[in-house]
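Single-structure report; data block below.
The values are calculated or read from the model by the stated rules, or taken from the named source; none is laboratory data. Because the structure is predicted, anything quoted here is derived from the model rather than measured. Heads up, the Cβs are rebuilt from the backbone with ideal geometry, glycines too, and the neighbour counts pull from every protein chain shown. These accessible areas exclude ligands, DNA and RNA; they are computed on the full protein's heavy atoms, side chains included. Shrake-Rupley method; radii C 1.70, N 1.55, O 1.52, S 1.80 Å.
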Amino acid sequence: MHQLTLAEIARGLADKKFSSEELTKVLLARITQLDPQLNSFISLTEELALEQAKAADVRRANGESGALLGAPIAHKDLFCTQGIRTSCGSKMLDNFKAPYDATVVSKLAAAGTVTLGKTNMDEFAMGSANESSWYGAVKNPWNLEHVPGGSSGGSAAAVAARLLPAATATDTGGSIRQPAAFTNLTGLKPTYGRVSRWGMIAYASSLDQGGPLARTAEDCAILLQGMAGFDPNDSTSIDEPVPDYAAGLNGSLQGLRIGVPKEYFGAGLDPRIADLIQNSIKELQKLGAVIKEISLPNMQHAIPAYYVIAPAEASSNLSRFDGVRFGHRCEDPKNLEDLYKRSRGEGFGPEVQRRIMVGAYALSAGYYDAYYLKAQKIRRLVKNDFMTAFNEVDIILGPTTPNPAWKLGAKNSDPVAAYLEDVYTITANLAGLPGLSMPAGFVDGLPVGVQLLAPYFQEGRLLNVAHQYQLNTDWHTRTPTGF
């Protein structure tokens, strides 16, 4: 049963081949057995899962149906879940039990999903390797000596290892798409505002976006259907109709215009990955797509702009964690200043502290115009590049990452080297565009992803292209040895 996709689970439950309770018990046992190798979960919610599974079985027995009714999933541990620890991968929130459900959690629960637990992540979603978690690094199931990508590495590793069929994740600069590429999954970052951020603990508010991680584009369509939609609790939520994503998967790619930016194929890209991207282009051409070279001239400025904007917003968002109302509090503070300093110094790890310092500096008097304001101007130029490109093409294609997953600890002494791995993904966050990564092959036994970008609210187009590609390739069906 653990090999079933979300779509196959929906059909199996509808045909009464198994119950949600039976499936849930199988997956919980599998997590207990295999996750010690991976460290992909922070919290396992066995009682809640069995309760939800039984309730889903009753709903089906009473005539209800739905692709997510009885489907087991897990949530990245920054989505608030009522009465359950929501840690953000940090000592700061190790003792925090959310008093309410995030909108994503409540919407998926209403659709009948079964929550198996909360997945490990880089602390406060800051990282590209899932090594900054206070609960320890997550391992890549394709090679336990390598990283699974971050910050949604726990969700990615759990799905890739067949511990569950799909999971929620978030993407601030590539944190859905990069782990998807590193673990042979399909991951979708929706348009900014498509999925509610209410109850999603913030890293960088203008960049964060929740989305699905699964093995196939079809499964991502099913999970996104349950997550997307307008939320009056979120001031950045867009009141835009949500299409039937699954219904749009079988559209023809005949005449689809695919843009390939020349800037994507520079010196930093592993030539073996470049070859796999070219193979993907050929597959899409066979399906009728038309390829056109385009240019994104301001891409070179995206990383410095992102690593000013994101830390600046983080320094503001994380100021609320001060040891006063919730979260970690130091022992026997001498005064209020001591309480602030020691609670934050003890509660935050090195990477979070580093980004808070960078962000506070960029926003400080005398440097705001030189750094933050200039970065926002570059952000506009990046967006304008995409708008120009989408006048000529329907989607943009390229590598998700410049290299395959690196070894655990390999970039710990050089944070900038890890930041540079986000070069292809961060532009979508700066512009607010939807982006998808799908499996495209292997380098030295490690998965490689191809990234697709589309205009605003064209998630359906990305899913359609990925689904048609997956009908004609088998990369997404490969399973890591031992899982």
Exercise for review: Could you check, for region 459-480, whether at least one of its residues is at pLDDT 95 or above, of a type in the set (A, V, I, L, M, F, W, C), surrounded by fewer than 24 Cβ atoms within 10 Å (Cβ to Cβ) and closer than 29 Å to N250 by Cβ?
Suggested key: yes
Exercise for review: Select from region 193-203 the residues that are more than 19 Å from A67 (Cβ to Cβ) and surrounded by 23 or more Cβ atoms within 10 Å (Cβ to Cβ) and list them in ascending order.
Suggested key: S196, R197, G199, M200, I201, Y203
Check your understanding: Tell me, which residue of region 242-262 that is open to solvent by 50 Å² or more (accessible area, probe 1.4 Å) and in a helix (DSSP H, G or I) is nearest to Q285 (Cα to Cα)?
Key -> K262
Practice item. Using the structure shown, decide if A428 is crowded, with 24+ Cβ neighbours inside 10 Å, modelled with pLDDT of 95 or more and out of contact with any Phe, Trp or Tyr (no Cβ under 7 Å at 6 or more places or on another chain). Key: yes
Revision key, fill the gap. Only unsatisfied item for Q33, checking (1) of a type outside the set (K, R); (2) out of contact with any Phe, Trp or Tyr (no Cβ under 7 Å at 6 or more places or on another chain); (3) open to solvent by less than 50 Å² (accessible area, probe 1.4 Å), is (3)
Point to revise | Neighbours by Cβ (under 6 Å, 6+ apart or cross-chain): first from region 190-209, over 17 Å from A428 (Cα atoms) and modelled with pLDDT of 95 or more; second small (G, A, S) and surrounded by 24 or more Cβ atoms within 10 Å (Cβ to Cβ) | key: G199/A102; M200/A102; M200/G210
**Study point:** Residue satisfying condition, being buried (at least 24 other Cβ atoms within 10 Å of the Cβ), at positive phi and in contact (Cβ under 8 Å) with a residue 12 or more places away in the chain, within set N120, N130, N140
**Key:** N130
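Within region 431-453, which residues are out of contact with any helix residue (DSSP H, G or I) (no Cβ under 7 Å at 6 or more places or on another chain) and either more than 17 Å from S175 (Cβ to Cβ) or crowded, with 24+ Cβ neighbours inside 10 Å (or both)?
Here is the first cut: in region 431-453, the residues out of contact with any helix residue (DSSP H, G or I) (no Cβ under 7 Å at 6 or more places or on another chain) are 432, 442, 444-446.
Listed by number, the residues that qualify are F442, D444, G445, L446.
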Exercise for review: Select, from Y361, Y371, the only residue that is open to solvent by 70 Å² or more (accessible area, probe 1.4 Å), among the hydroxyl-bearing types (S, T, Y) and either outside any helix (DSSP H, G or I) or under 20 Å from T427 (Cβ atoms) (or both).
Suggested key: Y371
Practice item. Return the residue satisfying two criteria in turn: it lies in region 317-341 and is assigned to a helix (DSSP H, G or I) and of a type in the set (A, V, I, L, M), and of such residues it is surrounded by the fewest Cβ atoms within 10 Å (Cβ to Cβ). Key: L336
Exercise for review: Would you mention how many residues in region 217-241 are in contact (Cβ under 8 Å) with a residue 40 or more places away in the chain and either open to solvent by 20 Å² or more (accessible area, probe 1.4 Å) or in contact with a Leu (Cβ under 8 Å, 6 or more places away or on another chain) (or both)?
Suggested key: 15
Practice item. Determine whether region 342-349 contains at least one residue that is part of a loop (DSSP other than H, G, I, E, B) and either among the small types (G, A, S) or at pLDDT below 95 (or both). Key: yes
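If a residue must be at negative phi, free of Cβ contacts under 8 Å to residues at least 24 places away in the same chain and part of a loop (DSSP other than H, G, I, E, B), how many such residues does region 10-33 contain? If you could, list the steps in order and put the result at the bottom.
Applying the first criterion (at negative phi) to region 10-33 yields 10-15, 17-33.
From the residues that got through so far, the ones that are free of Cβ contacts under 8 Å to residues at least 24 places away in the same chain too are 11-12, 15, 17-18, 22, 29, 32-33.
If we keep only those that are part of a loop (DSSP other than H, G, I, E, B) as well, we get 15, 17-18.
Residues in region 10-33 being at negative phi, free of Cβ contacts under 8 Å to residues at least 24 places away in the same chain and part of a loop (DSSP other than H, G, I, E, B): 3 in total.
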Check your understanding: Within region 184-196, which residues are of a type outside the set (S, T, Y) and part of a strand (DSSP E or B)?
Key -> G187, L188, K189, V195
Review point. Are there any pairs, at least 6 apart or on different chains, whose C-beta atoms fall under 7 Å, with the first in region 34-59 and part of a helix (DSSP H, G or I) and the second open to solvent by 40 Å² or more (accessible area, probe 1.4 Å), and if so, which?
Key: Q37/K139; Q37/L144; L38/K139; L50/E21; A53/E21; K54/E21; D57/E21
Check your understanding: Which members of region 272-299 meet the condition of being open to solvent by 90 Å² or more (accessible area, probe 1.4 Å), under 18 Å from T401 (Cβ atoms) and without any contact (Cβ under 8 Å) to a residue 12 or more places away in the chain?
Key -> D275
Exercise for review: Residue by residue through region 76-98, note down the ones that are surrounded by fewer than 23 Cβ atoms within 10 Å (Cβ to Cβ), among the polar types (S, T, N, Q) and free of Cβ contacts under 8 Å to residues at least 60 places away in the same chain.
Suggested key: Q82
